[in-house]
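Asks: One structure, as structure tokens, below. Some questions next.
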Amino acid sequence: MCRSIKTFHNFDPPATPDEIRASAVQFVRKLSGFTRPSKANEAAFNHAVDQVSKAAEDLLQSLVSHARPRDREAELAKARSRAVKRFALTD
């Protein structure tokens, strides 16, 4: 359920607001147990997503790193390589 929550700190290019919001939606879904809230809970759900998004953006803007920013494409290639090894079919 939370597979779209990724590390966003210290990447070049930095995370977009849409990426941060998508991870906030996943986080709120996990906490609430709802994939989609009912009409009765929709306002509370959306408010929580807004609050988590804002908190995540504030956090990312305030974090400091002395390491070089990581390259998104290089990290993606490493993750794919790990997945191939992890899920390789053996005969």
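Asks: Spot the failing condition for residue 88; the list is (1) at pLDDT below 90; (2) of a type in the set (Gly, Ala, Ser); (3) in a helix (DSSP H, G or I); (4) exposed (fewer than 10 other Cβ atoms within 10 Å of the Cβ), and only one is missed.
Replies: Result: residue 88 passes all but (3).
Asks: Considering only the range 17-56, how many residues are of a type in the set (Gly, Ala, Ser) and in contact with an Asp or Glu (Cβ under 9 Å, 6 or more places away or on another chain)?
Replies: Step one: list which residues in the range 17-56 are of a type in the set (Gly, Ala, Ser), which gives 22-24, 32-33, 38, 40, 43-44, 48, 53, 55-56.
Applying the additional criterion that residues be in contact with an Asp or Glu (Cβ under 9 Å, 6 or more places away or on another chain) yields 24.
Residues meeting the conditions: 1.
Asks: Another question, if that's okay. From the list 57, 73, which one is within 16 Å of residue 6 (Cα to Cα), open to solvent by 100 Å² or more (accessible area, probe 1.4 Å) and of a type outside the set (Phe, Trp, Tyr)? Before the answer, list the steps.
Replies: Details: 57 fails: open to solvent by 100 Å² or more (accessible area, probe 1.4 Å).
None of the others qualify; the one that does is 73.
Asks: Okay, moving on. Going by what's in this entry, would residue 44 be described as exposed (fewer than 15 other Cβ atoms within 10 Å of the Cβ), touching a Ser or Thr at 6+ places or on another chain (Cβ under 9 Å) and free of Cβ contacts under 8 Å to residues at least 12 places away in the same chain? Break it down stepwise before answering.
Replies: Values: exposed (fewer than 15 other Cβ atoms within 10 Å of the Cβ): yes; touching a Ser or Thr at 6+ places or on another chain (Cβ under 9 Å): yes; free of Cβ contacts under 8 Å to residues at least 12 places away in the same chain: yes.
Yes: the conditions hold for residue 44.
Asks: Which residues, taken from the range 12-41, are surrounded by fewer than 16 Cβ atoms within 10 Å (Cβ to Cβ) and not in a helix (DSSP H, G or I)?
Replies: Across the range 12-41, the qualifying residues are 12, 13, 14, 16, 33, 34, 35, 36, 38.
Asks: Filter the range 60-70 for residues that are of a type outside the set (A, V, I, L, M) and in a loop (DSSP other than H, G, I, E, B); which is most open to solvent (accessible area, probe 1.4 Å)? Step through it out loud before you land on a result.
Replies: The first filter runs over the range 60-70 and keeps only residues of a type outside the set (A, V, I, L, M), leaving 61-62, 65-66, 68-70.
Then keep just the ones that are in a loop (DSSP other than H, G, I, E, B); that gives 65-66, 68-69.
Values: 65: 50, 66: 181, 68: 205, 69: 80 Å².
Taking the candidates together, the pick is 68.
Each row is one residue, and each column tells you yes or no for (1) touching a Phe, Trp or Tyr at 6+ places or on another chain (Cβ under 7 Å); (2) of a type in the set (D, E, K, R).
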position	(1), (2)
47	no, no
52	yes, no
56	no, no
65	no, no
68	no, yes
78	no, yes
84	no, no
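Asks: Further, regarding this structure: Of all residues in the range 51-91, which are under 17 Å from the mean Cα position of the chain (by Cα) and among the small types (Gly, Ala, Ser)? If you could, list the steps in order and put the result at the bottom.
Replies: Applying the first criterion (under 17 Å from the mean Cα position of the chain (by Cα)) to the range 51-91 yields 51-61, 63, 70-73, 75-76, 79.
Within the range 51-91, 53, 55, 56, 79 qualify.
The values are calculated or read from the model by the stated rules, or taken from the named source; none is laboratory data. Bear in mind the structure is a predicted one, so any value in this text is a computation, not a measurement. FYI the Cβ positions are ideal-geometry reconstructions off the backbone, even for glycines, and counts take in every protein chain you see. In case anyone asks, the SASA skips ligands and DNA or RNA and just uses the protein heavy atoms, side chains included. Shrake-Rupley method; radii C 1.70, N 1.55, O 1.52, S 1.80 Å.
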